[in-house]
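In what follows, a single structure is set out as structure tokens and then discussed.
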Amino acid sequence: MNMKTVGLFGYGETASAALKSLIQQFEVLWIITSPKDTKDGEWDLSPVELLAKKSGIKIFRTNTKKNIAEILAKKIPDVVVISTYNKILSSDILKSTKFINIHHGDLPRFRGRANINWALINDRKEIGLTFHQATVDLDAGNIYAQYIVSITDNDTVKTIYDKFNTLIEKQTAEIVKKVIKGFKGKKQKGRPTYCCTRLPEDGYIEWNKTSREIYNLVRALTHPYPGAFTYFEKKKLYVWNCEIPPNPKPYEGRIPGRIIEIHKGHGVEVLTKDSSIIIKEVTYNGKNINASSLITSVKTSLGINIAKLYEQVQEFFNR
């Protein structure tokens, strides 16, 4: 009996887990991964590319309809799995075979992008991982399987990805087998909700938010993401982790963003809208450092000061 064939669209944090699952039970014809903009056209292989290369699987770096159609025309897989891809596939491509999308969200809730980030930012206590039929209407296809993953106070975007990858590696091949045998899944029920794309500038820390809101933003944007950031002495300061102190001093007069205590070797305590927060590991001027080794005075604030910004603009135009 011939082994069933699959193709994989994927990059990012979950594609490797999907490929690990697929190569155990199927002939993987190829992976299609997202191209990158580089000056010389070369870049380091991503984790899914490294695994594909080790397994002798063809790698295509493209996101154009023409190229994808040509790849499919050579040999159409029994199933194609999508585990993060940066283009919506056209209807004629989706009709060529069965397509399964692995979505980070409990559909019909959380359609769209950056779902894990938004779940943490919104202080959700759980998030879904959904295997569903890929359709032209984004994230709207029948659900083949759905799993609910808990979010604890100690979770970050990285640890949620780790939880997802455990499920993806365990379940992808089994779901593909069911779909090949004719499983149609179930229609989505309920009103859809959506998450918009996040941009690097959306990571700016607004100190007039609550400590919990800032804590959630930092853990939602830590590695492998670009990081939440503020400004210190006119330069960007990236914050990779932080903590809410258990017994913060009560301030009746507060300026959010003002540094109130240096905890040597541990971090720097900063006032927020409702309390304070300790920022710990940071990057400044390209150097990774503990915040307490960088910031040594409480006579300063983090973030953008409107008064200082106005003075700098005036100074610039008065030159």
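The values are calculated or read from the model by the stated rules, or taken from the named source; none is laboratory data. What you see is a predicted model, and the numbers here were worked out from it, not measured in a lab. Using ideal geometry, Cβ is built from the backbone for each residue, glycine included, and neighbour counts are taken over all protein chains shown.
When LEU51, LEU89, LEU19, LEU29 are screened for being surrounded by 17 or more Cβ atoms within 10 Å (Cβ to Cβ), closer than 17 Å to ILE180 by Cβ and assigned by TED's automatic domain parsing to the domain that holds LYS170, only LEU29 passes. Kindly indicate the residue of region 253-276 that is free of Cβ contacts under 8 Å to residues at least 60 places away in the same chain and of a type in the set (Asp, Glu) and also surrounded by the most Cβ atoms within 10 Å (Cβ to Cβ) among those meeting that condition. The extreme case among them is GLU269. Considering only region 112-123, I want to know if a residue exists there that is outside the structural domain of GLU213 (by TED's automatic domain parsing), in contact with a Ser or Thr (Cβ under 8 Å, 6 or more places away or on another chain) and assigned to a strand (DSSP E or B). Yes, there is a match, as at least one residue in region 112-123 is outside the structural domain of GLU213 (by TED's automatic domain parsing), in contact with a Ser or Thr (Cβ under 8 Å, 6 or more places away or on another chain) and assigned to a strand (DSSP E or B). Just one of the listed residues (GLU261, GLU252) is in contact with a strand residue (DSSP E or B) (Cβ under 7 Å, 6 or more places away or on another chain) and of a type in the set (Asp, Glu), and it is GLU261. Just so you know, in region 139-157 the residues that are more than 18 Å from the chain's Cα centre (by Cα) and in a loop (DSSP other than H, G, I, E, B) include one that is farthest from GLN171 (Cα to Cα), and it is ALA140.
Residue-by-condition table, conditions (1) among the aromatic types (Phe, Trp, Tyr); (2) out of contact with any Phe, Trp or Tyr (no Cβ under 6 Å at 6 or more places or on another chain); (3) modelled with pLDDT under 95:
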residue: LEU72; (1), (2), (3): no, yes, yes
residue: GLY105; (1), (2), (3): no, yes, no
residue: ILE116; (1), (2), (3): no, yes, no
residue: ALA119; (1), (2), (3): no, yes, no
residue: ALA134; (1), (2), (3): no, no, no
residue: ILE148; (1), (2), (3): no, yes, no
